1. Show me the helices (runs of 4 or more DSSP H) found entirely inside region 154-213 where at least 2 residues are open to solvent by 30 Å² or more (accessible area, probe 1.4 Å) and polar (S, T, N, Q).
2. Within the group Gly98, Gly81, which residue is within 19 Å of Val8 (Cα to Cα) and within 19 Å of the chain's Cα centre (by Cα)?
3. Does Val130 count as crowded, with 19+ Cβ neighbours inside 10 Å, in contact (Cβ under 8 Å) with a residue 40 or more places away in the chain and β-branched (Val, Ile, Thr)?
4. Exactly one of these conditions fails for Pro118: (1) within 27 Å of Asp39 (Cβ to Cβ); (2) open to solvent by 70 Å² or more (accessible area, probe 1.4 Å); (3) at pLDDT 95 or above. Give me its number.
5. Restricting attention to region 79-108, and to residues there that are without any contact (Cβ under 8 Å) to a residue 40 or more places away in the chain and among the basic types (Lys, Arg), which single residue is most open to solvent (accessible area, probe 1.4 Å)?
6. Output the residues belonging to region 133-151 that are over 18 Å from Ala105 (Cβ atoms) and open to solvent by 60 Å² or more (accessible area, probe 1.4 Å).
7. Restricting to region 20-76, what's the tally of residues that are open to solvent by 80 Å² or more (accessible area, probe 1.4 Å), within 22 Å of Phe107 (Cα to Cα) and either of a type in the set (Phe, Trp, Tyr) or at pLDDT below 95 (or both)?
8. Mind checking whether some residue in region 48-65 is touching a residue at least 24 places away in the same chain (Cβ under 8 Å), under 21 Å from Ala84 (Cα atoms) and either among the β-branched types (Val, Ile, Thr) or touching a Gly at 6+ places or on another chain (Cβ under 7 Å) (or both)?
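The values are calculated or read from the model by the stated rules, or taken from the named source; none is laboratory data. Because the structure is a prediction, the values reported are computed rather than measured. Here the Cβ positions follow ideal geometry from the backbone for every residue, glycine too, while neighbour counts run over all protein chains shown. These accessible areas exclude ligands, DNA and RNA; they are computed on the full protein's heavy atoms, side chains included. Shrake-Rupley method; radii C 1.70, N 1.55, O 1.52, S 1.80 Å.
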Amino acid sequence: MDPDNPVVQLCAQGMRAEAEGREDDARELFLRAWEAAGDDFEACVAAHYLARHQPTPEETLRWNQECLTRADRVGDERVRGFYASLHGNMGRAQLALGRPGQARAHFRSAAERLDDVPPGPYRDWVRLCVARGLRATDDARAADDPVRDLLARLCARADLEALSLLLPAYVGSLGTPEDEERLTTALRMLHAEKRLPAPEQSALSEAITLRAA
């Protein structure tokens, strides 16, 4: 984005206010950015930040939808990298309103657009947010997830080595075959060490067996 653009500058000031804990100032700056927007691209940027400062889930959803609508109107390379985040925001807003089905549809759309986000820490963060949303809306996994239970045991015991192996594969999984194989491989590697306490080793075996079924 053009740092000399007045709307972008107002949003940058709003982000600084956020970082300093000045929430009212941040919202006012983002509102000024929205009012100053002269085209759909500028309106998309301003709406994105305004959505973060709404008093109700309904208003949050409304501004996230406004942001997505404006991005669709722009329809060029300037917004290509926005969509993973935009759909992720829509998913979280729908989830906050108790609509897991609609939320999951947006999280899936977000996952499909992750490759449009430039590599780096921001894409890694968006991926984690999308993966969390997919897990939260996966009824089958939520009902019986032995890997989650195993991770809870490892966290309680602060087994950092085991956690460093399993957590990246678990929390970053989008449910693709490649992601699922990555997690299964990590489970098998940990199982091969045979160093966990017997209950955890047994839980590890169960998780591997269920994933192979």
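1. Details: elements: 160-171, 177-193, 198-212.
In region 154-213, the matching helices (runs of 4 or more DSSP H) lie at 198-212.
2. Gly81
3. yes
4. If we test Pro118 against (1) within 27 Å of Asp39 (Cβ to Cβ); (2) open to solvent by 70 Å² or more (accessible area, probe 1.4 Å); (3) at pLDDT 95 or above, just (3) comes out false.
5. Arg108
6. Across region 133-151, the qualifying residues are Ala143, Asp144, Arg148, Asp149.
7. 1
8. Within region 48-65 (the criterion being touching a residue at least 24 places away in the same chain (Cβ under 8 Å), under 21 Å from Ala84 (Cα atoms) and either among the β-branched types (Val, Ile, Thr) or touching a Gly at 6+ places or on another chain (Cβ under 7 Å) (or both)), the answer is yes, since at least one residue qualifies.
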